[in-house]
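Shown next, in structure tokens, is the structure this report addresses.
Bear in mind that the values in this text are calculations on the coordinates, not laboratory data. Remember, it's a predicted structure, so these values are computed and weren't measured experimentally. All Cβ positions, glycine included, derive from the backbone under ideal geometry; neighbour counts span all protein chains shown.
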Amino acid sequence: MEGLLAGDDTAIRALYARFGRPVYTMGIRLLGSREAAEELTQDVFVMAWRKAARFDPHRGRLSTWLMTIAHNLAVDRLRRETGVTRPKLVLVDEMPESAQSVDEDLLLERDAALRAIASLSDAERRLIARTYFRGMTAREISEDDGIPLGTVKTRLRAALIKVRKANEHKEYL
Amino acid sequence: MNCAGVRDALPAFALGVAPGSDTASIELHVETCAACRRETIDLQRAVAAFGYALAPVGPAVPELEDRVVSAVHAAAGHRNRRRSTRHRRTGLTLLAAAILIAALGTGAVFANRAERQRLQAARTALQEDEMLHRFGEAVSSAQFADPGADVLTGMLATPNSQPGAGSALTIVSPSSDDQAIVLISDLPDRVLPLTVSITNAKGRSLELGEIRRLDSGGGATFTRIVQGGLNGFVDVQIRDHHGRVVLRGTLAAETAVASPTP
């Protein structure tokens with residue numbers, strides 16, 4: 001992170017080597033175009049550089065921090081660009097990995113993702129899809145579905161607790 | 001926001017879809033509440049798994065890596081150039097930094113808690129940089145080019161050791177409209193809207209305007225051109241919607257950094 005703060009080429013490229021692909025994937029899958037995904041990827045790494053001083057490894061892993069930045073930027077764009085047709089959401093358990101090489105870190109992260117998805121009921125999966133992947137707020141879901149806001153919040157919490165339990169003791173550095 | 005409110009809003013926060021007002025309040029709260037901070041980290045870890053749940057796509061074009069490196073370099077270079085220009089132009093940003101460091105340091109002392117001091121120290125560098133940047137932008141946009149202008153500055157402090165810090169600057173010009181610039185940080189959304197006013201020695205008060213939104217750090221930049229003149233107006237107060245003073249301070253000539261009023 002010190003290298004990133006200093007704008008060091010090697011540090012930026014190392015970070016990109018590890019996280020460039022999942023960030024780009026998020027851009028493609030959520031925003032729907034190669035151009036948008038490339039813009040998102042650039043924005044994420046610039047934002048990571050801006051916020052590097054704020055990163056505290058005692059508060060969370062680097063992958064969590066960086067993917068949170070990526071997700072927040074993607075959701076900002078989703079919510080800003082209303083009326084744009086978004087691609088159908090395709091999750092990792094619906095599409096087998098191709099033969100291309102994937103590094104070990106990414107495989108471990110995907111294992112955690114698969115456990116997370118598997119821990120959820122269909123209804124919870126849809127709920128997470130609408131919030132995390134489509135950027136809908138709890139209030140918007142409450143209004144769309146005609147159910148109390150508190151119910152949506154409770155369901156979100158229950159879903160996240162399931163995911164947390166599914167990956168308990170599976171954390172790695 | 002208290003612990004119950006934070007816990008209620010945390011799932012949406014962790015999923016990145018909490019309303020802006022909730023986000024600012026949660027970020028502020030978790031810096032001082034270890035239990036809620038642990039809960040936040042746990043939920044964010046859970047949510048992070050979803051980032052890898054998307055079906056993989058083919059690799060990006062190879063040039064993207066170079067574009068990313070260039071974008072980071074450009075951002076770093078832009079900031080460095082901007083700093084350099086500001087310092088050459090007026091020297092005011094150095095003063096602003098002194099004010100901000102003093103204000104943030106005061107907040108840590110008031111809090112009188114080792115944990116808060118540690119957190120505050122970690123945030124200081126970032127806040128200083130962000131607020132300094134905003135201060136520089138505000139001063140630049142004020143068309144500050146009048147050599148005859150008097151510049152008064154001061155830090156703003158909370159009256160009861162509550163979270164919050166700020167600084168203020170007025171430019172009193174003999175040849176053009178006067179200007180007031182106020183920077184605040186670390187305030188919760190519940191105090192909104194905030195009213196900014198400034199008072200002279202005779203007790204005459206000018207209401208400069210309102211701050212209606214805070215950023216995720218509980219901060220805002222407020223600038224106002226005052227045609228009636230700010231000569232003699234040195235006591236800055238920022239009040240919440242109940243009229244309670246949230247931040248206050250006294251401005252002095254730019255050669256000295258003023259102490260906050262009690």
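Residues whose amide H comes within less than 5 Å of that of B:Leu54, counting only those at least five positions distant or on another chain, are A:Val92 (H built at 1.01 Å from N in the peptide plane). Taking every residue in A:51-58 and counting other chain Cβ atoms within 10 Å of its Cβ, the average works out to 2. Treating r as the C-beta distance of A:Thr154 and B:Ser205 and R0 as 51 Å, the FRET efficiency rounds to 0.60.
Taking the Cβ-Cβ separation of B:Asn160 and B:Thr195 as r and a Förster radius of 25 Å, what is the calculated FRET efficiency to the nearest 0.05?
0.85
To the nearest whole number, what is the average tally of beta carbon atoms from other chains within 10 Å of the beta carbons of peptide B:59-70? So the per-residue partner count for this stretch is 6. Excluding same-chain neighbours fewer than eight residues apart, the aspartates and glutamates reachable from A:Lys153 by a Cα-Cα span under 15 Å are A:Glu124, A:Glu140, A:Glu143, A:Asp144, A:Asp145, B:Asp8, B:Asp22. Full extension of the segment from A:Asp144 to A:Asp122, taken as 0.36 nm per residue of separation minus the current Cα-Cα distance, would add 6.1 nm.
A simple count of charges around B:Gly20, restricted to other residues whose Cβ falls under 9 Å of its Cβ and scoring Lys, Arg +1 and Asp, Glu -1, yields -2. Residues whose amide H falls under 5 Å from that of B:Ala60, counting only those 5 or more places apart or on a different chain, are absent, with hydrogens built in the peptide plane. In chain A, the sites counted are GluC sites (Glu not before Pro) in DSSP loop states with at most 13 other Cβ atoms within 10 Å, and the longest stretch holding none of them, exclusive of the sites, is A:1-80. Phi angles across the stretch A:155-161 convert, under the Karplus curve 6.51 cos²θ - 1.76 cosθ + 1.60 with θ = phi - 60°, into 3J(HN,Hα) values of 5, 4, 4, 4, 5, 5, 5 Hz, Gly and Pro given as x. Here the label points at A:Arg18 and A:Thr82, each 7 Å from Cα along the C-beta direction, are separated by 3.9 nm in the simple model.
For the segment A:107-113, counting C-beta atoms of other chains within 10 Å of every residue's C-beta and taking the mean gives 4. Residues in the stretch A:59-69 carry Karplus couplings, in order, of 9, x, 7, 4, 5, 4, 4, 6, 6, 5, 4 Hz; the curve used is 6.51 cos²θ - 1.76 cosθ + 1.60 with θ = phi - 60°, and Gly or Pro positions show x. What the phi angles of the stretch A:78-88 give under the Karplus curve with 6.51, -1.76 and 1.60, with θ = phi - 60°, is a coupling list of 4, 6, 6, 9, 6, x, 7, 6, 9, x, 5 Hz, glycine and proline written as x.
Distance from the C-alpha centroid of the stretch A:78-95 to that of the stretch A:114-173: 17 Å, rounded to the whole angstrom.
Taking amide H as placed 1.01 Å from N in the peptide plane, B:Val246 has its amide H under 5 Å from the amide H of B:Ile238, B:Arg239, B:Asp240, each at least 5 places away in sequence or on another chain.
Computed over chain A, the per-residue total of -39500 (n - 2.57) for DSSP H runs of n ≥ 4 gives a 222 nm mean residue ellipticity of -19500 deg cm²/dmol, rounded to 500.
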